[in-house]
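Some notes on the structure that comes next.
Every number in this text was worked out from the coordinates using simple rules, so none of it is lab data. Source: prediction; values computed, not measured. Counting neighbours? That spans all protein chains shown, and the Cβs are built from the backbone with ideal geometry, glycine included.
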Protein chains: 2
Amino acid sequence: MVEISIDEMEKARKRIEGKVHRTPVIQCEAINKIAGTTVHFKCDHLQKTGSFKSRGAINAVLCLNKEKGDKCKGVVTYSGGNHGQALAWAALQCDIPCCVAVFSNTPQLKKDAMIGYKAELVYSGNTLGEIELKYQETKAELGYDAVEPFNDVGVINGHASCAAEILEQVPEADAVFVAVGGGGLASAIAMYVGEKRPDIKVYIVEPEAKQLKPYLEEGNLPDHDTINTIADGIRVLKVGDLCKEIFCKYSKETIISVTEDEIRKALALIWTRTKQRVEPTAAVSLAGLLKLEDKPKNPVVILCGGNVDLSFVP
Amino acid sequence: MVEISIDEMEKARKRIEGKVHRTPVIQCEAINKIAGTTVHFKCDHLQKTGSFKSRGAINAVLCLNKEKGDKCKGVVTYSGGNHGQALAWAALQCDIPCCVAVFSNTPQLKKDAMIGYKAELVYSGNTLGEIELKYQETKAELGYDAVEPFNDVGVINGHASCAAEILEQVPEADAVFVAVGGGGLASAIAMYVGEKRPDIKVYIVEPEAKQLKPYLEEGNLPDHDTINTIADGIRVLKVGDLCKEIFCKYSKETIISVTEDEIRKALALIWTRTKQRVEPTAAVSLAGLLKLEDKPKNPVVILCGGNVDLSFVP
């Protein structure tokens, strides 16, 4: 059984090389002036399917195929957006079927993207409980393998390729800022950077309603399963158990909470100054940097996705 | 007196080297599929001040300074947007004063950008006639040198650096698509590419209301001085006299007219697929390529600017 480890992360990186982009790192003088430091934007909104999710999805599918000898029968997941697109794309690359449980109210644009990658969609109600149930039923019915959105070993190992690229592209980095939702990307970055370059601080940035720190410390969670935030990619309240373990080890003291207004302002800055049309979730990391009083000298800010409706205005 | 020539264009390129960006060329698989060819996007929306205008503005200011021995007294222009920002920025780089005549209804965001580059603004009414009058009055009063938005030798020679980069970055190019307003960029591209690589077709793309072809052929112009188009950077009806001469020589047979709907669709494609937040004018060139029946194999599409209000939706 594959585990989450630096060794497996390195293997994953080799496995997916050439299948995903090595995304560029850009700078923007106007934002450097505003932040009072040199901000290195890691552009994962320019990744295949428009988000970092393709890294983990393609690694997970390739690992499943290997496990099964040649090809697995199919993959199944649940997703309101980017993970569903990424998994559908990854399955299409490997020529295996993919089924995604989506919310009834998932935007048509996102459903169309999944269908464009030949995924079959099944529809659930609009709560996390309902979509997880639909997903479990579908999985049992089809006999496909599961690739969960964040709490998945193959996914987390694949996402770490983003951190590996950052260490090569910005060797002078002294901090990395990453948004947290279910925790797949953030835990991969925290662990990989924490082990390979412990001198670099990894800041985990959350919308303030998430309250990750008390959860890591006391394990208590509110009753609801999502939070209300403009950052629609990270509305899930709970981080995955695999991710939680990593955060407890590496990130207890480096969590930053940002307000909705701070996210909106950071998004407006990215749109107007860098001309990059990222999604709201991608602005959370910059909001975290801007909030920090003592700015690092060479912060890396991960722009995690660019899938945003045409009509959206910050 | 400096003229418009390939030799002066080469000199301009050396003069402004290191002062403006060599902007990247990007591709997008999704758009390649839709266009049925390999589209090379030249990203001048990532140029200093967010548009190609900085190329010509800085060259014009540097030439004026040289002419005057060391420094000119100041520069003056009229502009509803990008040229004003570019000239203000260029003047600030050279530490000389800049005055821009703007429309009373120029968006505050654009006025703020010019003020941010230390320009002095003077306000006119909202027609081209009124702004040109205000500009002439201001020029006489201050004794500053004029740097007109498009009908200026230094500006056109400076803009040609965009074409020179394209020829180096995409040697396999067989066509270039560029939007036309006053004609500064389009004429620079048409002439430079026409002389250096006559095997490459340069397509001049206009909003259909412009009617450039009959104007070049018969010299007739409608009464109004602007056209009604979503592409706010190219609302001026008439091309500059210097530009007209170049178009007559190089571009009479390669003008493409696109509808407003075609511009909107191209803009939506660029936003959602490339994740580049360009301004509406920058989508005109792609609209031209998409309209062309026989697609070139390696078209270069110039994304000319990225200065668009936050609230704008295609």
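The table below gives the values:
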read-out	value
Sparse-neighbourhood loop sites, chymotrypsin sites (Phe, Trp or Tyr not before Pro) in the stretch B:207-314 - DSSP loop, at most 15 other Cβ within 10 angstrom	B:PHE312
Unit charges on C-beta of K, R, D, E only; dipole of the protein assembly as shown, Debye	780 debye
Unit charges on C-beta of K, R, D, E only; dipole of chain B, Debye	900 debye
Dipole moment magnitude, nearest 20 debye, the stretch B:58-142 about Cα centre, only Lys, Arg, Asp, Glu C-beta charged	160 debye
Per-bin percent of Cα-Cα distances, the stretch A:1-93 [5 Å]	3, 12, 19, 19, 18, 11, 8, 6, 3, 2, 1
Convex hull of Cα atoms in the protein assembly as shown, direction-averaged projection (nm²)	28.6 nm²
Projected label distance in nm at A:GLN108 and B:LYS118, using a 7 Å step from Cα toward the beta-carbon	5.2 nm
Descending semi-axes in Å of the stretch A:117-237, equivalent ellipsoid built from Cα gyration tensor	30, 20, 12
Other copies of B:ASN126: label-to-label distances in nm, shortest first, labels 7 Å along the beta-carbon direction	4.0
Charge sum, other residues only, whose C-beta stays under 10 Å from B:PRO299's C-beta, Lys/Arg counted +1 and Asp/Glu -1	+2
Rounded FRET efficiency, nearest 0.05, which uses the C-beta distance separating A:GLU218 from B:GLU218 and R0 of 56 Å	0.10
With at most 14 neighbouring Cβ atoms within 10 Å, loop GluC sites (Glu not before Pro) (DSSP) excluded, longest segment of chain A	A:4-171
Over the stretch B:175-314: Kirkwood hydrodynamic radius from C-alpha pairwise inverse distances, Å	15.1 Å
Cα gyration tensor of the stretch B:54-146 - equivalent ellipsoid semi-axes, whole Å, descending	21, 15, 10
Separation between Cα centres of the stretch A:191-216 and the stretch B:38-84, rounded to whole Å	43 Å
Trypsin sites (Lys or Arg not before Pro) restricted to the stretch B:229-307 and DSSP loop, no more than 11 other C-beta within 10 Å	B:LYS297
Top of A:ASN220, A:ASN151, A:ASN228 by mean-square fluctuation, Gaussian network on chain A, Cα under 10 Å	A:ASN220
Among beta bridges that DSSP assigns inside chain A, antiparallel share in %, nearest 5	10 percent
Under 15 Å, Cβ to Cβ, from B:LYS201 - net charge with Lys/Arg +1 and Asp/Glu -1	0
Partner aspartates and glutamates for A:LYS291 [C-alpha distance under 16 Å; skip if fewer than 8 residues away on the same chain]	A:GLU206, A:GLU208, A:GLU253, A:GLU260, A:ASP261, A:GLU262
Counting all C-alpha pairs of chain B, share separated by more than 34 Å (%)	15 percent
Distance between the stretch A:5-27 and the stretch B:285-314 - C-alpha centres, whole angstrom	32 Å
FRET efficiency, 1/(1 + (r/R0)^6) with R0 25 Å, evaluated for B:LYS68 and B:GLU3 via beta carbons	0.85
Cβ-based charge dipole, the stretch A:54-146, positive-most Cα from A:TYR123, A:GLY74, A:GLN93	A:GLN93
Rounded to 5, the percent of DSSP beta bridges in the protein assembly as shown classed as antiparallel	15 percent
Distance (nanometres) between label positions extended 7 Å along Cα→Cβ at B:ASP261 and B:LEU167	4.0 nm
Formal net charge of residues neighbouring A:PHE247 (Cβ-Cβ distance under 15 Å; K, R +1; D, E -1)	0
